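Working notes, structure below.
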Amino acid sequence: MSLLITPPRTTETADGPWPATARFDAYGHAEVGGVDLMEVAARFGTPAYVMDEVDVRLRCRAYRAALPRAEVAYAAKAFWCRAMAAWVRSEGLALDVCSAGELAVARAAGFPADRIILHGNAKTPAELRAAVDERVGRIVIDDLAEINRLAALVPAGMRQKVLVRVIPDIEAGAHAAIRTGGEDHKFGLSIAAGGAREAVNRILRQPRLELVGLHCHLGSQITAAEPYEQSARVLVEQLARIRDAHGVTLPQLDLGGGHAIAYTRGQTGLAPSRLGALVATVERRCAGIGLPAPRLTVEPGRAVAGPAGVTLYRVIAVKKGLRRTYVAVDGGMSDNPRPAMYGSRYEMRMIGRATHEGQRDFTVVGHHCESGDTLAEAAALPADIRPGDVLAVAATGAYNHSMASTYNMTGRPPVVAVSRGKARLVVRREGLDDLLRRDVGL
Ligand SMILES: Cc1ncc(COP(=O)(O)O)c(C=O)c1O
Ligand SMILES: N[C@@H](CCCC[NH3+])C(=O)O
């Protein structure tokens, strides 16, 4: 079936957490990228992830404009497929991958290896080998044992560039489960306990490795610039220490990602422009101690992909309980585990038809065999919502598709890219055949 492209006939432009090109009107018409979302639901089925290419590109450009002297590396874990790789590559971003799988997608999409940074707190030997074989630009050392393991894989005559991930001991991030910058987390090497210092010593003795900088990542969904200013201060102190101890000036400082986005109306994200001052802070601090300023890297994932995504669900049941009325949809925690994992809240709206009914609060749940399979508590939706209606959920572009599971043997939804009035499938739906294929039987 060819996609009917409806010209914009909208009254309401996108604000809050919806993608840049989202348009809604009072008749239930909803479009993203110039494409009618009801047409997407009809053509590709539900649930479906819709990604607004223009929104992604605008966010990449906003980062590059706000941080012209810094490197912007997109964190693939937020949302990854070959189409996304093509978008961020063509916008001139670098890339952070944290597994051989993410690296394989990047390379399959022709992402230049020298613009790739490999992370991971427990990289397997196979992952290290893949990174070396692919000639990735930089590998971030997260453990002492990794140093010799990696050096042994580097061919003679080659030097692998590495950074050391240090723990700045700064607690930031929206939820305990997504904080990574403190001493009591599994990531990075402790400055206080001496691990970071030892890593630097060992790498500098390794002829096959070239230490180019330090890295840290504080956590995720961080709404203020201050924690980044603090971590930059800690890392610059370490650069000075390394210079004083070893006479080596490291040229790079990678401050990780974690920049917040708005998930619901009224929330504000951390705009790239608010990070613009970081470069000047680092330059000033370095000048103060006679250190050449390193090149900064930032690694946004959520802030590039999150607002671009909308998930479409079909309502299956509306059930009145004693205390609340449930709206049950054809997806849930398998395509969006974030409410269950972090208590995350989402904004949603019914699309596809007009209604004169007022709004009421509903509990929107998924179809999984799990009481915690709730997509939203107290979601304001039309009082006459009924089976067959379609719900659009905002800001689901990051950590939804990438964290999806097949729980209850549910195939993962497709990803549909929308742009300039056209919708195209970039990741197909996972069908029962896909699920059965892995089960080799007795
Ligand atoms: C090393 C590193 N860089 C970047 C990111 C991206 O984080 P976010 O999507 O919150 O920007 C992460 C994930 O938290 C990470 O672990
Ligand atoms: N997956 C988390 C963030 C962790 C990011 C990776 N360190 C989220 O959905 O918010």
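Quick notes on this one:
- Whenever a residue of segment 240-263 is under 16 Å from residue 228 (Cβ atoms), its partners that are assigned to a strand (DSSP E or B) and within 14 Å of ligand 2 (Cβ to nearest atom), lying with C-beta atoms within less than 6 angstrom and at least six residues away or across chains, give the pairs 254/215; 257/75; 258/219; 258/222; 260/222.
- Residue match in segment 180-190 (condition: modelled with pLDDT of 95 or more, away from ligand 1 (no atom under 16 Å from the Cβ) and not basic (Lys, Arg)): yes
- Criterion (surrounded by fewer than 17 Cβ atoms within 10 Å (Cβ to Cβ), within 20 Å of residue 71 (Cα to Cα) and either within 16 Å of ligand 2 (Cβ to nearest atom) or in the same structural domain as residue 290 (by TED's automatic domain parsing) (or both)) met by exactly one of 237, 210: 210
- When segment 220-234 is filtered for residues that are away from ligand 2 (no atom under 16 Å from the Cβ) and part of a helix (DSSP H, G or I), the ones remaining, listed by number, are 226, 229, 230, 232, 233, 234.
- Residue in segment 188-200 that is within 16 Å of ligand 2 (Cβ to nearest atom) and assigned to a loop (DSSP other than H, G, I, E, B) present: yes
- Qualifying residue in segment 106-122 (condition: in a loop (DSSP other than H, G, I, E, B), in the same structural domain as residue 256 (by TED's automatic domain parsing), more than 15 Å from ligand 1 (Cβ to nearest atom) and over 23 Å from residue 298 (Cβ atoms)): no
- Among the candidates 140, 166, the residue that is among the hydrophobic types (A, V, I, L, M, F, W, C), in contact with a Leu (Cβ under 6 Å, 6 or more places away or on another chain), modelled with pLDDT of 95 or more and over 18 Å from residue 208 (Cβ atoms) is uniquely 166.
- Near pairs, Cβ below 7 angstrom, 6+ apart or cross-chain, from segment 217-229 (in the same structural domain as residue 286 (by TED's automatic domain parsing) and farther than 20 Å from residue 163 by Cβ) to any residue that is within 9 Å of ligand 1 (Cβ to nearest atom) and at pLDDT below 95: 221/173; 221/178; 222/173
- Residue match in segment 248-255 (condition: under 22 Å from residue 399 (Cβ atoms) and either away from ligand 2 (no atom under 16 Å from the Cβ) or in contact with a strand residue (DSSP E or B) (Cβ under 8 Å, 6 or more places away or on another chain) (or both)): yes
- Scanning segment 123-136 for residues being under 16 Å from residue 203 (Cβ atoms) and assigned to a loop (DSSP other than H, G, I, E, B) gives a total of 1.
- Scanning segment 380-411 for residues that are within 16 Å of ligand 2 (Cβ to nearest atom) and either without any contact (Cβ under 8 Å) to a residue 12 or more places away in the chain or within 20 Å of residue 52 (Cβ to Cβ) (or both) yields 393, 394, 395, 396, 397, 398, 399, 400, 401, 402, 403, 404.
- Each residue in segment 55-84 was checked for being within 11 Å of the chain's Cα centre (by Cα) and away from ligand 2 (no atom under 16 Å from the Cβ), and 0 pass.
- Members of segment 128-141 found to be surrounded by fewer than 20 Cβ atoms within 10 Å (Cβ to Cβ) and within 16 Å of ligand 1 (Cβ to nearest atom), listed by number: 137
The values are calculated or read from the model by the stated rules, or taken from the named source; none is laboratory data. Predicted model, so just to flag it, every value in this text is computed and none were measured. All Cβ positions, even for glycine, are placed from backbone atoms using ideal geometry, and neighbour counts span all protein chains on display.
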